[in-house]
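J.: The following block contains the structure, expressed as structure tokens.
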Amino acid sequence: MRSFKIRLYPTKEQEVLFRKFIGAERYIYNWGLSLNNELYKAEKKKYSANVLGKMLTQYKKECLWLNEISTATLKNSIRNLDKAYTNFYKKRAELPKFKSKKHCKLSFYSRYDKIYFKDNVVNLEKIGKVKYKSSYNIDLTRISKFSNPHVSYNGRCWILTLGIETKIEEIKLTNEVIGIDLGIKDLAICSNNMIFKNINKTKVVKNLEKRLRRLQRKVSKKYELNKEGRSYIKTSNIIKLEERIKKLHRKLKNIRQDYIHKSTTSIVKTKPCRVVMEDLNVKGMMKNKHLSKAIQQQNLYEFIRQMKYKCEWLGIEFVQVDRYYPSSKTCSCCGNIKRDLKLSERTYICQECGLVIDRDLNASINLANYR
């Protein structure tokens, strides 16, 4: 099962319907949460998804505008609420909160068995045929089964996300084993001398971040000028500036995401039989106030996640070594462990065999030799 993103080109009327579906899904989530909260206070229980579904059928007779919305969309909202309450009872999360119109994700579920593609349009239940464009080498018109379809708005365009069952292509793998060491100076250093630089140090990203800082200072000053007591007045100029800030955040996010996709794809395209990486404690690393921003921008967890599923697609063995494995402190030539190695030492010098090698390359070779 693979996830696909397809860009939609709705008409103005269809875009209004999209926003109605999003609002209705949020409204039903809050309605169900209110009922569950009352029952929880009284009996420390919750309504099941089936019971809430039956209550929704009766509630739709009172709120006639809900009949414009697909029942599958509304029931998906109830299922999401049920999952949130289940996570609360199992102490995996806090008590669910009401969804805000301002901060709610602009997304809604569409009924999977009503979706079909034909003549550059996709059919969505109670919305109709919407124009789309796809760059995938798959004939969508021949596919009849889709999984978990969602329509979302990313601030620039509407996107249909869905899962499609695809066959895994069998490829011939080489006998090569690749060790990958992730870092801050460079994103990834491979044992086969492939190096992926830090995208955040490029001129394009630096200029975008510089522009972002200027806009953030500008909007901050405008808030201070429009302060009345303890509250702030949001003027039309502030709203415009915040929209520009959102666009820059989205652009930076897309640049980093695209770079990670290209980096991971180029590694698996070498067709190694085995890929070895460290099991990084990213949450613990983020506690270092001097490095937390650089670590966050590198998206290390996302790099590992993508390597996992891309190796799985091609039948490559993916191994994660223990996070306490001394890959950086061990000599890749003689196996001697240098206990006093500092983070500032970028070149590894072995006191036993005299090996002089880049610290990150030494770590990646040790990962490749891991058994």
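The values are calculated or read from the model by the stated rules, or taken from the named source; none is laboratory data. Note that the structure is a prediction, hence the values are computed from the model and not measured. Reconstructed Cβ throughout: ideal geometry from the backbone, glycine too, with neighbour counts over all protein chains shown.
J.: Tell me which of these residue 88 doesn't satisfy, since it passes every other one: (1) more than 30 Å from residue 310 (Cβ to Cβ); (2) surrounded by 15 or more Cβ atoms within 10 Å (Cβ to Cβ); (3) at pLDDT 95 or above; (4) of a type outside the set (A, V, I, L, M).
T.: (3)
J.: Next question, about the same structure. Whether any residue in region 114-133 is hydroxyl-bearing (Ser, Thr, Tyr) and within 30 Å of residue 31 (Cα to Cα) is what I want to check.
T.: No.
J.: For region 320-360, name all the residues that are surrounded by fewer than 19 Cβ atoms within 10 Å (Cβ to Cβ) and touching an Asp or Glu at 6+ places or on another chain (Cβ under 8 Å).
T.: Hits for region 320-360 are 320, 321, 322, 323, 325, 334, 336, 346, 347.
J.: Specify the residue that is surrounded by the fewest Cβ atoms within 10 Å (Cβ to Cβ); the eligible residues are those in region 57-71 that are closer than 18 Å to residue 110 by Cα and of a type in the set (A, V, I, L, M).
T.: 66
J.: Something else: Being part of a loop (DSSP other than H, G, I, E, B) and either in contact (Cβ under 8 Å) with a residue 60 or more places away in the chain or surrounded by 10 or more Cβ atoms within 10 Å (Cβ to Cβ) (or both) is the filter here; which residues of region 142-168 pass it?
T.: Once the filter is applied, which keeps residues that are part of a loop (DSSP other than H, G, I, E, B) and either in contact (Cβ under 8 Å) with a residue 60 or more places away in the chain or surrounded by 10 or more Cβ atoms within 10 Å (Cβ to Cβ) (or both), region 142-168 yields 143, 145, 146, 154, 155, 156, 157, 165, 166, 168.
J.: Now for a separate question. May I ask you to say which residue of 77, 100 is exposed (fewer than 11 other Cβ atoms within 10 Å of the Cβ), without any contact (Cβ under 8 Å) to a residue 60 or more places away in the chain and of a type in the set (S, T, N, Q)? Before the answer, list the steps.
T.: Details: 77 fails: exposed (fewer than 11 other Cβ atoms within 10 Å of the Cβ).
Just a single option satisfies the conditions, and that option is 100.
J.: Considering region 129-141 alone, what residues qualify as being free of Cβ contacts under 8 Å to residues at least 60 places away in the same chain and loosely packed, with under 11 Cβ neighbours inside 10 Å?
T.: 135, 137, 139
J.: Of the conditions (1) charged (D, E, K, R); (2) over 25 Å from the mean Cα position of the chain (by Cα); (3) in a helix (DSSP H, G or I), residue 75 clears all except one; give me its number.
T.: With respect to (1) charged (D, E, K, R); (2) over 25 Å from the mean Cα position of the chain (by Cα); (3) in a helix (DSSP H, G or I), residue 75 is out only on (2).
J.: Consider residue 67 against the criteria (1) in contact with a strand residue (DSSP E or B) (Cβ under 9 Å, 6 or more places away or on another chain); (2) not in a loop (DSSP other than H, G, I, E, B): it satisfies all of them except one. Which criterion is unmet?
T.: (1)
J.: Suppose the filter is surrounded by 15 or more Cβ atoms within 10 Å (Cβ to Cβ) and over 30 Å from residue 139 (Cα atoms); does residue 42 pass it?
T.: Criteria not met by residue 42.
J.: Would it be correct to say that residue 143 is of a type in the set (Val, Ile, Thr) and either outside the structural domain of residue 3 (by TED's automatic domain parsing) or more than 25 Å from residue 68 (Cα to Cα) (or both)?
T.: Spelling it out, residue 143 is indeed of a type in the set (Val, Ile, Thr) and either outside the structural domain of residue 3 (by TED's automatic domain parsing) or more than 25 Å from residue 68 (Cα to Cα) (or both).
J.: Go through the residues of region 98-112 one by one and say whether even a single one is part of a helix (DSSP H, G or I) and polar (S, T, N, Q).
T.: No.
J.: For the list (1) over 18 Å from the mean Cα position of the chain (by Cα); (2) at pLDDT below 95; (3) surrounded by fewer than 19 Cβ atoms within 10 Å (Cβ to Cβ), I need the number of the one condition that residue 266 fails.
T.: Of everything listed in (1) over 18 Å from the mean Cα position of the chain (by Cα); (2) at pLDDT below 95; (3) surrounded by fewer than 19 Cβ atoms within 10 Å (Cβ to Cβ), residue 266 misses just condition (2).
J.: Give the residues of region 175-191 that are among the polar types (S, T, N, Q) and surrounded by 17 or more Cβ atoms within 10 Å (Cβ to Cβ), sorted by residue number.
T.: The answer is 191, and nothing else.
J.: Suppose we keep only residues that are polar (S, T, N, Q) and assigned to a loop (DSSP other than H, G, I, E, B) within region 5-49. Which one would you say is farthest from residue 78 (Cα to Cα)? Spell out the reasoning first.
T.: Of all residues in region 5-49, those polar (S, T, N, Q) come to 11, 14, 30, 34, 36-37, 48.
Add one more test, that the residue is assigned to a loop (DSSP other than H, G, I, E, B), and what stays is 11, 48.
Numbers: 11: 29, 48: 9 Å.
So the residue we want is 11.
J.: State yes or no: is residue 304 among the β-branched types (Val, Ile, Thr), in contact with a Lys or Arg (Cβ under 9 Å, 6 or more places away or on another chain), in the same structural domain as residue 268 (by TED's automatic domain parsing) and at pLDDT 90 or above? Walk me through it before giving the result.
T.: Numbers: among the β-branched types (Val, Ile, Thr): yes; in contact with a Lys or Arg (Cβ under 9 Å, 6 or more places away or on another chain): no; in the same structural domain as residue 268 (by TED's automatic domain parsing): yes; at pLDDT 90 or above: yes.
The answer is no for residue 304.
J.: Taking the residues in region 7-19 that are within 25 Å of the chain's Cα centre (by Cα) and either within 18 Å of residue 67 (Cβ to Cβ) or at pLDDT below 95 (or both) as candidates, determine which candidate is surrounded by the most Cβ atoms within 10 Å (Cβ to Cβ).
T.: Only one residue tops the list, namely 18.
J.: Something else about it: Can you confirm whether region 309-318 contains a residue that is within 30 Å of residue 350 (Cα to Cα), surrounded by fewer than 15 Cβ atoms within 10 Å (Cβ to Cβ) and at pLDDT below 90?
T.: First pass over region 309-318, keeping only residues within 30 Å of residue 350 (Cα to Cα): 318.
Add one more test, that the residue is surrounded by fewer than 15 Cβ atoms within 10 Å (Cβ to Cβ), and what stays is none.
No, region 309-318 has no match at all.
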